[in-house]
Amino acid sequence: MTEQESREGSYIKTSWNDLSSWMFYIMILLAVSLPLSEFGMSVAQFLLFFNWIFEGADFSSVKRSAKPAQSVIKLIGHNVSGKLRSVTSNHLLIVFLAIYVLHIIGLIYSSDIQYGLKDIRVKLPLLSIPVLLATSTSLSRKRLNILLLFFVMAVMAGSFISTYVYLTRPITDTREISIFISHIRFSLFISLSIFILFGFVKYNAFNNRNLKWVFVLAGLWLIVFLLILKSFTGIAITALLIFVVIIISIQHYKKIVIATLLLVLAIFAGGWIYMNSIYRSLTIAEHVNLAELDKTTRLGNPYIHDTAGYGIEDGKYVGLYISPDELRQEWNKKSKLDFDGLDNKGQELKYTLIRFLHTKGYRKDAEGVDKLSPEEIGQIENGLANSGLKYKLSLRPNIEQLLMGYKAYTFNKNANGSSMMQRIEYWKTSIYLIRQKPVAGHGTGDVAHAFDKAYEETNSSLIPEFRHRSHNQFLAITIALGLIGLIVFLASMFYPPVKLGKFNNYYYLIFFIIAFVSFLTEDTLETQAGATFFAFFSGLLLFGVRKEADEQARVMSEKP
């Protein structure tokens, strides 16, 4: 530890009157709030702004002034104007802010000004946070590490709370265990935290051997929790980053790099074979001789053996051994939801029940329903059609659900049963809208109306509650602001970090990959939480840290 860091360490503990320290404390509040509280995010941003107004001003002359109130106002005015002048002289910051400015321009040719103003408010962090961080005292290596540690601890706390929910509540969809924010966004935070912890170990951030083991164990736990959460986006990004980190770590050893690439190719090939085997189990059923199947239940009622209407799961026909009358009678004894009605997801309950019994390996009769536990009855009522989705860490049930959605979409163009197939519909509709107004787009305020109209014009199979926006940030920008907006957006993403050499910074590189990949499957910046996440880490790592903090976490090291 340098003498400067030692002085700063004691300064953090004692300088409660220093506004630069308060900025740091408020940034910690914002970092902690990202995974835990949208309200906290809003409060932290307001506090950042009010502290920013005063931070950097010298109030020593106020005590000697005959008119202290006027002196304070004048001093604040000079302080703020000086900071704003520094914004105009920072061309890289201006480039980063350009996408927000373009959204304001997009209001001019919008017919729905009210919606446009709402969109501008949601995206306000893209303007405010980078400006506040770029024009305040930059963080040292020590403070950056502390700030990142608080973020990781908040994510860890969120994972523990979610695990408690998972173990104590009747959950039918693991997305429900993320109670503070979207499960997809939480998975991004988890992925970022895993590699922040790796960075702490790699760069010896806290110079403590025991802490390194704590960081390793915490990272392993977050990987396990990511599997519990079952977010394909988070798992895919984490897998990609593991590959990137391996390449970074062994970049000077060509044989190891080649071996790693071959291993990755083998994993992809194995994954493809595994996915194909699952798809075959959903499309090709074991041969069945209907003449040899039991004709009646143990109660003497006739079975229906339908090999066409219920599909295939796990290589077997779902429609075998169905006794509708027994199902109806026994189910209505156990549940308040009518067998011939809908489950809590709006699906036909009888089909949910039949599929659930099939995945349990039970016949679809009174005996099969009688084997169900009260918890399983609740899961069926809540729309869970695959018993494997609840407790197994295996992703197979989720993959089956994805492939069944693909199968349904391929055969009848029905995307309502799969979130991934719905995304394909969103992307097709987005392309349709971009072709209508490719240059300047539909305007900031008219995106929602344009989507509603496009779904009607294209006779989309999506039911109204699934008719969302693009779920791709690049498409969302292009729809609103055209190809001009897309070019500006890409420039704002790439030009500042390239000029500043930030892609050589480990923490920025990890964050950028996470943000970029998330933009491919989510319109991240269309929510305040997503915009705050991107603005905070971009503003912090691009403009808010000192050069020595960059040097400490350089990706490219000297050749050994």
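The values are calculated or read from the model by the stated rules, or taken from the named source; none is laboratory data. Here the structure is a predicted model, which means the values were calculated and not measured. Neighbour counts are summed over all protein chains in view; Cβ atoms, including those assigned to glycine, are modelled from backbone coordinates with ideal geometry. Accessible surface is based on the protein model in full, side chains and every heavy atom, while ligands, DNA and RNA are left aside. Shrake-Rupley method; radii C 1.70, N 1.55, O 1.52, S 1.80 Å.
Using only Cα atoms, find the angle between the long axis of helix 419-436 and the longest principal axis of the chain, and express it within 0 to 90 degrees, rounded to the nearest 10. Helix 419-436 sits roughly 60 degrees off the main axis of the chain. Computed packing ranks the peptides 74-87, 98-111 as 98-111, 74-87, most packed first, by mean other Cβ atoms within 10 Å. Residues whose amide H comes within less than 5 Å of that of N505, counting only those at least five positions distant or on another chain, are V555 (H built at 1.01 Å from N in the peptide plane).
Helix 183-202 and the long axis of the chain differ in direction by around 60°, with both axes built from C-alpha atoms.
Taken per residue, the accessible surface of the chain reaches 49 Å², heavy atoms only and a 1.4 Å probe.
Residue by residue, the stretch 476-493 carries 3J(HN,Hα) couplings of 4, 5, 5, 4, 6, 10, x, 5, 4, x, 5, 4, 4, 4, 5, 5, 5, 7 Hz when phi is fed to the Karplus relation 6.51 cos²θ - 1.76 cosθ + 1.60 (θ = phi - 60°); x denotes Gly or Pro.
Between Y310 and G319, the built amide H atoms are under 5 Å apart, and every one of these is 5 or more places off in sequence or on another chain. Helix-only arithmetic for the chain: the sum of -39500 (n - 2.57) across DSSP H runs with n ≥ 4, divided by the residue total, places the mean residue ellipticity at 222 nm at -22000 deg cm²/dmol.
Quick check on the chain: of the DSSP beta bridges with both residues there, what percent are antiparallel, nearest 5%?
Working: 6 of 8 bridges.
Close to 75 percent.
Close amide H contacts of L342 (hydrogens built in the peptide plane, cut-off under 5 Å, sequence separation of 5 or more or a different chain): L349.
Ordering S159, L117, Q70 by the projection of their Cα atoms onto the charge dipole of the chain, which places +1 on the Cβ of Lys and Arg and -1 on the Cβ of Asp and Glu, puts Q70 at the extreme positive end. What the phi angles of the stretch 305-311 give under the Karplus curve with 6.51, -1.76 and 1.60, with θ = phi - 60°, is a coupling list of 10, 10, 9, 10, x, 10, x Hz, glycine and proline written as x.
Let me check against my output: what whole-number percent is the relative contact order of the chain, with C-alpha pairs under 8 Å and at least 6 apart? Write out the running numbers ahead of the final one.
Values: 724 pairs, mean separation 111.1, N = 560.
Averaging sequence separation for qualifying contacts and normalising by length gives 20 percent for the chain.
In this structure, the pairs whose alpha-carbon distance is over 20 Å, taken from K230/K336; K345/K428; K230/K502; K123/K499; K499/K547; K212/K547, are K230/K336; K345/K428; K230/K502; K123/K499; K212/K547.
Could you tell me how many degrees, from 0 to 90 and to the nearest 10, lie between the Cα long axis of helix 506-521 and the main elongation axis, the longest principal axis, of the Cα atoms of the chain? It is inclined by approximately 40 degrees.
Rounded to the nearest Hz, the phi-derived 3J(HN,Hα) couplings of the stretch 112-125 under the Karplus curve 6.51 cos²θ - 1.76 cosθ + 1.60 (θ = phi - 60°) are 9, 5, 4, 5, x, 5, 4, 5, 5, 5, 4, 8, 3, x, where x marks glycine and proline.
So, by mean Cβ neighbours within 10 angstrom, what's the order for 481-489, 341-349 with the highest one leading? Kindly include the intermediate steps, with their values, before the conclusion.
On the way: 481-489: 19.7, 341-349: 14.8.
The packing order, highest mean first, is 481-489, 341-349.
Protection proxy ranking for 358-369, 180-191, using the average of other Cβ atoms within 10 Å per residue and placing the highest first: 180-191, 358-369. Going by a ≥ b ≥ c, the root eigenvalues of the Cα gyration tensor, does the stretch 162-239 fall in the rounded group (a/c under 1.5), the prolate group (a/b larger than b/c) or the oblate group? Prolate is the answer for the stretch 162-239, as a/c is 1.5 or above and a/b outweighs b/c. Need the C-alpha centroid separation for the stretch 317-357 versus the stretch 168-194, integer Å. Comparing the Cα centres of the stretch 317-357 and the stretch 168-194, I get a distance of 29 Å. How much of the accessible area of the chain, probe 1.4 Å, is carbon plus sulfur, in whole percent? On the chain, the fraction of accessible area on carbon and sulfur atoms equals 62 percent. The modelled label-to-label distance between R435 and L211, using points 7 Å beyond Cα along the C-beta direction, is 5.6 nm.
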